[in-house]
1. Report the Stokes-Einstein translational diffusion coefficient (µm² s⁻¹, integer) for the chain, Rh taken as the Kirkwood radius over Cα pairs, at 37 °C with viscosity 0.692 mPa s.
2. Using a 7 Å offset from the Cα along the Cα-to-Cβ direction at both S255 and K345, what is the distance between the two label points in nm, to one decimal?
3. Pull out a ≥ b ≥ c, the square roots of the eigenvalues of the alpha-carbon gyration tensor of the stretch 262-318, then state rounded if a/c is under 1.5, prolate if not and a/b is larger than b/c, and oblate in the remaining case.
4. As an exercise, use a Förster radius of 35 Å and the Cβ-Cβ distance of K236 and R271 to find the FRET efficiency, rounded to the nearest 0.05.
5. Taking θ = phi - 60°, what integer Hz values does the Karplus form 6.51 cos²θ - 1.76 cosθ + 1.60 yield along the stretch 109-114, in sequence order, with x for Gly and Pro?
6. Take the Cβ-Cβ distance between T131 and E368 as r, set R0 to 22 Å, and report the resulting FRET efficiency rounded to the nearest 0.05.
7. Would you list the P(r) distribution for the stretch 157-259, with all Cα-Cα distances sorted into 10 Å bins from 0 and each bin expressed as a whole %?
8. Considering only A199, A155, A191, give the residue with the highest GNM mean-square fluctuation for the chain, with springs between Cα atoms whenever their separation is below 10 Å.
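The values are calculated or read from the model by the stated rules, or taken from the named source; none is laboratory data. The structure presented is a predicted model; accordingly, all values stated were derived computationally and were not measured. Using ideal geometry, Cβ is built from the backbone for each residue, glycine included, and neighbour counts are taken over all protein chains shown. SASA here: full protein model, heavy atoms, side chains in, ligands and nucleic acids out. Shrake-Rupley method; radii C 1.70, N 1.55, O 1.52, S 1.80 Å.
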Amino acid sequence: SKLAALFEHPLYNTPIPEVTEKDKLFVVNPMEKFSLRSSGSDEWVSSSKAETLLPTGKTAYDTYPTWLKFHVGINRYELYPRRDPLLPTLLRDLATQRIISSVQKSGGTQLKLIMTFLNYGQALFKPMKQTRDQETPIDFFYFSDFERHNAEIAAFHLDRILDFRRIPPVSGRLVNITKEIRDITTDKKLAKTFFISPAGNICFYGECSYYCSTEHALCGKPDRLEGSMAALLPDKTLAKRRSWRSPWRRSYHKSKKAEWELNPNYCARVRETPPYDRGHRLLDLIDMTILDFLMGNMDRHHYETFEKFGNDTFLLHLDNGRGFGTHSRDELSILAPLEQCCSIKKSTYLRLQLLATQPYRLSDLLREALAADPLAPILAEPHLQALDRRLGKVLVAVGHCLAR
């Protein structure tokens, strides 16, 4: 396994700073046992005093479902640890846990559902809209492109291979539209949009600002539909997140250009603007830029951080559905922050150099990681080959900066 060898490499075994209580997203009493309210509520609450006597040999933490252990493990430095024993179980839960509720997620340009499982974990479901080998048409603007479920799956694994670990775990899943969406939804607006197509397939389209109409309906075969299941982060009422507008946001206009596209010295101004004027925020943003370039994702207008940790924490790389849309073209403008600022973390640069060598070739590592997904193959082969080509272009860009 090239992947196992990669994670054994010294570059993937550098220690993170010591995690103190104030560096944890949640401070939990390790002896507190959790159970469900007997009323049938889906809230996780402390158990009654009668239940606080723990079974012999079992700690209270063992009573938590995997999704809750994932939430409790989040800290200032990482979303999940490199050698996370929970990851295989969490991915399996996303792919197999019984779904007891499906409702449409509000906002956004395209249809997404929030699924609730029997163990009260929740996931964001993005349904399949395109086949693996369909490329984004060359005349499409980036903001009118479809979101791809397989891009969400591949982005999670790529983010982990790059050792960023800033994307919540994602698994592919084959969903039964009838039993796991239509028959159990409490979303009246969603329920009104189901129909049977002339081919006898179950379809629905939901409500959203774009692509929610009978012309863009999602149809099963006859009621089986594949999609991505992303583990949801803790509710914002428990762990507030702050949304930041990216300084290199595109104009989202058919003819206007953003300031960074017109001003080659744009980075100098960004460096003087909080929060980019201190700490590692700008370097973290350049990490995200490299991830997006490798995927071909032009749609990174915002990013988020956990409010509790202030400016000194990692960026969450959420919403990656517009990645992996094209393999035949490389969008070099995505690299603007790297090229204009000529800055990169040394650790990131060393890992990128490693991933360009034969024993740790990036395409081989991602192919191996994706092979374990229930919906494999996740990416068409040309997308994997494009990763190696794009990685070479990132290293060339850093080389130009070093020469300067």
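1. This corresponds to a translational diffusion coefficient of 145 µm²/s.
2. For the pair S255/K345, the computed spacing is 4.2 nm.
3. Taking the square roots of the gyration eigenvalues as a ≥ b ≥ c, the stretch 262-318 is oblate.
4. Efficiency computed from Cβ-Cβ geometry: 0.70.
5. Each residue's phi maps through the Karplus curve to give 8, 9, 5, 9, 10, 9 Hz.
6. 0.45
7. 12, 25, 29, 27, 6, 0
8. A199
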